[in-house]
Amino acid sequence: MSKPLTLFEVLRALHDERAEGDLVVRDRSGAVHRVVLRAGRPVAAKVRGRFDPLLARLRDLGALDERAHRHALGQLAQTERRAGEVARSLGAAPQQIERALSAQLRAALDALARRVDGTGATYAFEARRVAAAEIASWTAESARASTSSSSSFARPSPSRPNPSRPNPSRPSPSRPSPSRPNPSRPSSRVPDRLDRETFRRLARALHPDRAHGLSERERAENARALAELTARWHGLG
């Protein structure tokens with residue numbers, strides 16, 4: 001009997017397919033978790049029962065002092081502004097916010113792997129377009145999350161079966177068709193109602209200066225996504 005796939009192995013298969021959509025993970029208790037992918041990269045994760053507030057991470061990183069942290073919590077309770085926007089208005093640097101978001105995403109993936117690996121969890125992939133507003137982290141770290149090992153992820157052995165190939169002996173993610181950017185339809189990649197904070201954060205993350213360590217294919221994908229984003233922001237898409 002073949003060994004069940006780990007979360008990392010499933011993510012790696014989807015990364016190789018440049019999949020876009022949701023990886024739905026059902027653990028043995030029946031709880032459902034989701035990892036959102038764009039161009040094969042994990043860009044957000046929703047792990048049931050996990051509480052990891054961004055503001056607390058920024059405080060621990062020294063981006064917010066105790067007074068600013070308390071004020072930010074009050075702002076969140078009184079407005080509909082997002083945590084990153086509030087933190088920036090109180091002095092947190094964009095690079096610190098991006099670092100915290102990236103660490104938050106990686107911690108969520110690590111926690112999910114510990115929860116489901118070796119437990120008989122099932123995986124299903126739901127292909128869909130992922131809007132820019134859904135992206136929590138789009139950095140080199142989010143790319144490495146599905147291609148490199150960590151304390152929770154072990155690299156798959158070359159003798160392991162291909163995770164994207166159906167196997168009746170165990171559940172496996174449905175094989176997604178590769179996600180290809182469509183320059184003629186930027187609205188399918190970027191939402192019509194794009195707020196300033198999301199535009200600036202994604203523009204910084206997709207800028208060529210941030211492409212160190214990425215492959216040529218990933219650089220090209222970033223360039224296309226940045227063109228999409230800019231066109232939509234200026235009302236040209």
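The values are calculated or read from the model by the stated rules, or taken from the named source; none is laboratory data. Being a predicted model, the structure only gives us computed values, none of them experimental. When we count neighbours, we look across all protein chains shown, and the Cβ atoms used for this are built from the backbone with ideal geometry, even at glycine.
Quick notes
- Condition met for residue 208 (farther than 16 Å from residue 43 by Cα, surrounded by 13 or more Cβ atoms within 10 Å (Cβ to Cβ) and either in contact with a helix residue (DSSP H, G or I) (Cβ under 9 Å, 6 or more places away or on another chain) or at pLDDT 70 or above (or both)): no
- Residue 125 fulfils the conditions (1) in contact with a Leu (Cβ under 6 Å, 6 or more places away or on another chain); (2) surrounded by fewer than 15 Cβ atoms within 10 Å (Cβ to Cβ) except for a single criterion, (2).
- Within the stretch 25-35, tally of residues that are in contact with an Asp or Glu (Cβ under 9 Å, 6 or more places away or on another chain) and surrounded by 21 or more Cβ atoms within 10 Å (Cβ to Cβ): 2
- Among (1) in contact (Cβ under 8 Å) with a residue 24 or more places away in the chain; (2) in a helix (DSSP H, G or I); (3) surrounded by fewer than 16 Cβ atoms within 10 Å (Cβ to Cβ) - the single one residue 86 does not satisfy: (3)
- When 129, 99 are screened for being farther than 25 Å from residue 27 by Cβ and assigned to a helix (DSSP H, G or I), only 99 passes.
- Residue check, residue 115 of a type outside the set (A, V, I, L, M, F, W, C) and in a loop (DSSP other than H, G, I, E, B): no
- Hits in the stretch 102-112 - residues which are buried (at least 19 other Cβ atoms within 10 Å of the Cβ) and either among the hydrophobic types (A, V, I, L, M, F, W, C) or in a loop (DSSP other than H, G, I, E, B) (or both): 105, 108, 109, 112
- Count - residues of the stretch 43-69 that are without any contact (Cβ under 8 Å) to a residue 40 or more places away in the chain, buried (at least 19 other Cβ atoms within 10 Å of the Cβ) and of a type in the set (D, E, K, R): 1
- Qualifying residue in the stretch 101-108 (condition: farther than 20 Å from residue 203 by Cβ, touching a residue at least 60 places away in the same chain (Cβ under 8 Å) and out of contact with any Cys (no Cβ under 7 Å at 6 or more places or on another chain)): yes
- Strands (runs of 3 or more DSSP E) contained entirely in the stretch 1-58, each with at least 1 residues that are basic (Lys, Arg) and under 16 Å from residue 104 (Cβ atoms): 32-38, 41-46
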